[in-house]
Each structure stands twice: as structure tokens, then as C-alpha cells.
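Asks: Here it is, the structure in full.
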Amino acid sequence: MVQLDFEYDYSNKLPIKKCKVGETIDKIAYHEDANVFLVSTISTENYNLLDEEGEDTIDHNRDLKKPAQNYRGAIKLLSPGNLTVIDTLDLDENEVCTALNVSNLRINGTEGKRAQIFVGTGIYQNEDVATMGAYKYLDIINVVPEPGFPEAKHKLKLLSTETYKGPILDVCEVDGRFAVIQGQRMLVRQLKGESNSTPVAFVDTSLFSSKVKAFENFILIGDSYQSVSLHGFEAEPYRMVSLGKDEHNMKLNECEFIVHNQSMFILASDDNRVLHILQYDPYDVNSLKGHKLLRRTALRTNSYTTKMLRKDRREACFSMVNTLPIRKDVDLGFEVIGCNIDGSIYKVSPINEYQYRRLYSLQNQIADKEAHWLGLNAKMNAVGDLQDEMNVIKRPIIEYRLLTRFSSMAEDKKKMFAIKLGKDALVDVYRDMISLQ
């Protein structure tokens, strides 16, 4: 007999425990070497208007009964054991964290890599003062914990700060360096030491670029109003090459790479709660030698996506792929884990052609012959009224939630559905569904 921990909520598919930090949480990163979480938070405070030199411009705001408010950020260090805050680094006045990343970066002139904590910030005041941004390089040091507080054996150390014009909107690791969105440019920067860096390549961005993702030497830039563009980075000599761009002006929320069978796809979500899959294929005639990203399919998710994370399918969280007899030389590709503003989590995984045809046929049978909640049409909800995105969706995304109804059917009904899919299709369907869990 065992007793479950009452601090967890077991009503979902995964147990959930809430941790109160006391402030609004904005970004989360994990430091593998120190085994701690880095969390950026936002709080409000009285607003003091400062000029570009940091001097006060007006004094009457302090005497008001209800002074103006502005945001101030902080970086907190959380212990994974009991999820308590063990250290806090407060940012400056009117400064908030806009990018938080822990990457293994290469220092110039060396071959090895080290875990580097990068914090990008924006200093927001009013329309009369230019918006500034800063790079902050942090490190985690070991300290002697206080009595009765053994988990507080780490502290945050600010190594250096570099301030520039324009906020730092996003950051990612690319080939041992890091790429940042700074104002109207995307820069690739190389570490010169433990606490400073220098730009080695850049490209001018579109209207309001706010996302940057990388896969090997490919860099994906997402614009909040003009969709995504794909670029290539070369280190010898340093240069940026523009590869392709989406011709639709999609209002982008988040984007990420999906790579499978030597093919590169881009998963993007927009303000209309629709997921898009685009492909970079320079050998396709319609792509104009790769300058145009090809739209392959779309799916309505009914929720706003706020974050995407790419993982190798063999190393992904909660994956059951390793339980199947799959050879190690088989390319399973990379999948994307996404989270929505309502707290839900989803996963988009690539599959081979045989799996797609089998599961797509099964999905159509379930959608056409099974009764749905309140008489709703699952197929129309997923791909209906998307003419503005694509004229014809020839290869819809398969919805795993719809396929799970197959496992709860009676055995006779399963055989009736599977007999239309071919010989031994029942075993193949179960194998496909296990590989997608």
C-alpha cells in the first residue's frame, strides 16, 4: 500500500503540482550542470521617468497619491527538489527580461564548450525615450548553504552587462554561438571570454521580428506580422545567406523546425489559433529554387500557442518509441512540444508515408461513422474555413486524440475498421499509436 502526495493534482494525464513564486512568471530555463531552474518574473512598481543618462526628468510623480506604474523584472533560482526560491537577481528600474537561455557555447579561440546563462532585457519607459536593451551574462556559483536550508547551495553571479539601443527580443544557440533578435536586426555573436561577446554576422529583419530558432546552421526568424524567413549561417568566412521566405503575411505567435528523412519543415502558429506546416525544398519547381517556403498543411487548434520546443523523438519526454523494436539507424526525426495559453500541452511528430496513409484512413472512418460530442463535426473544426490559409488542404494533420477512440472500441468493431486498412492492419495500427505516445 502506498500513499500519493496530496500536493499534486491527479485529474489530468500527468500529475501537476503548483509552485507559488509570488510574482508573474514570464520565462523558464533549466541549467543541467547545476540541476536548477532559472525563472524570470515581472512585478509592478512606481514609475520614475529617467533620461538616457539615467537621471530624473520630473519630480512631481513621487508626490502623487496614485503614481504611474511600470514593470520591473527579476531572475530567480529555483531548487528542483521542493521548488523553492534559493536566490534572486533583481534587474534595474524599468527593465524586464525578454529572453532567457542556457546554452553550451564555444569561447573564441577554444574548442571546448561551456554552459552559458544569457539574459536579454528591454528597458521600457515612454515614447520620448529610446527603448534600450542589454545582454547580461550570468553564472551559477557554489556556496555553503545556510543551516536548515540545504538546497540553497547555489547563487547567481552577474558577470557583465552590455547595453545597446533596441530591446533583446529572443535568443537561441547556433553552431556554438548565439543568435539574438536586437531591435530591427538578427545578430550572431561569438563569446570572446566568459563575460563578453562580439557580433560576427547579422541580417536586417522585417517589420517586428520576435522569434529566432536554429537547427545546425539554419536560422529561422519569425515576425509578428510577416510570418517566417529562413537563413543560413556560415562561419568560414562569417556571413548570412537568405534562403527562403513565406509569402503570406501571417501574424506569428511561435515557430520551430521539424526535420525528418532529410527534409526540413517549419511548424508555425498564428493569432487565428491555426498551426501551419511549411517546407523548405529548393528542388520543388513551385518554391522558385527555395526562395519561397511551401505551405503543406494547416490545422485549427482552438488555442493560442505561446511556446514550442524541438526534441529528438528518441529522447523526447513521455515517449514510448524506445519500447518498439526499431533499429537505431532508422531516422525518427525531431518532434515539437508546444504549450498553449490555457495551460494545455501538445506534441507534433513526423511519421513515414505508410503510417500516414494507414492512420489517415482510420481517422476518416472514425470521423465519419462515430458519434461526436454535441453533434459537432471534428473534421470541419480542424480544417474547415481555412481558405485564407490554403485553397485546398490535400494532406491534413492527423489528430491523435481522435485516433484514441479506436483503442476503446469493442474488438469486433476494431476488426471491422482495420479490415479496410489491409492485412495485419490491426497490429500495425497499435504499433503506430504506441510510437506516437
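Asks: Relative to the Cα centre, what is the charge dipole magnitude of the range 351-436, using +1 at the beta carbon of each Lys and Arg, -1 at the beta carbon of each Asp and Glu, and rounding to the nearest 20 debye?
Replies: Using only the charged Cβ atoms, the result is roughly 300 debye.
Asks: Give me log10 I(q)/I(0) at q = 0.06, 0.07, 0.11 Å⁻¹ for the chain, Debye formula, one equal scatterer per alpha-carbon, no solvent.
Replies: Reported log10 I(q)/I(0), two decimals: -0.32, -0.43, -1.02.
Asks: Normalise the Cα radius of gyration of the range 351-436 by 2.2 N^0.38 Å (N = residues in it) and let me know the number.
Replies: That ratio works out to 1.14.
Asks: Where the only charges are on Cβ atoms (+1 Lys, Arg; -1 Asp, Glu), what is the dipole of the range 146-300 about its Cα centre, to the nearest 20 debye?
Replies: Charge dipole, the range 146-300, about its Cα centre: 200 debye, nearest 20.
Asks: Show which lysines lie in cross-link reach of Lys347 when reach means a straight Cα distance below 18 angstrom and same-chain residues fewer than eight apart are skipped.
Replies: Candidates past the 8-residue exclusion: Lys13, Lys213, Lys307, Lys311.
Asks: Next question, about the same structure. Where does the longest stretch of the chain lie that holds no chymotrypsin sites (Phe, Trp or Tyr not before Pro) found in a DSSP loop with 15 or fewer other Cβ atoms within 10 Å?
Replies: The answer is 11-207.
Asks: Right, here's the next one. Rounded to the nearest 20 Debye, what is the dipole magnitude of the chain about its Cα centre when Lys and Arg each give +1 and Asp and Glu each give -1 at the C-beta?
Replies: Computed charge dipole of the chain: roughly 2100 debye.
Asks: Sum up the lysine pairs in the range 351-436 that clear both bars: alpha-carbon distance under 25 Å and a spacing of 8 or more or different chains.
Replies: So the count of such lysine pairs works out to 16.
Asks: Let me ask you something else. Going by amide H atoms built from the backbone, whose H comes under 5 Å of the H on Glu389, apart from near neighbours?
Replies: Counting only residues 5 or more places away or on other chains, the set is empty.
Asks: Identify, among Asn377, Pro350, Met416, the residue whose Cα sits farthest towards the positive end of the charge dipole of the range 342-426, taking +1 on the Cβ of Lys and Arg and -1 on the Cβ of Asp and Glu, with the dipole about the Cα centre.
Replies: Going by the Cα projections, it comes out as Met416.
Asks: Related question: How high is the FRET efficiency from Leu288 to Ile345, r the C-beta distance, R0 35 Å, rounded to 0.05?
Replies: That gives a FRET efficiency of 0.45.
Asks: For Lys192, go through the lysines and keep the ones whose alpha-carbon is under 22 Å away, minus same-chain ones fewer than eight residues off.
Replies: Within reach: Lys113, Lys136, Lys157, Lys165.
Asks: To the nearest 0.05, what FRET efficiency results for Glu162 and Lys113 with a Förster distance of 30 Å applied to their C-beta separation?
Replies: 0.90
Throughout, read-outs are computed from the coordinates displayed, never taken from laboratory work. Quick caveat: nothing in here was measured; it's all calculated off a predicted structure. Here the Cβ is made from the backbone with ideal geometry for all residues, glycine too, and neighbour counts use every protein chain on show.
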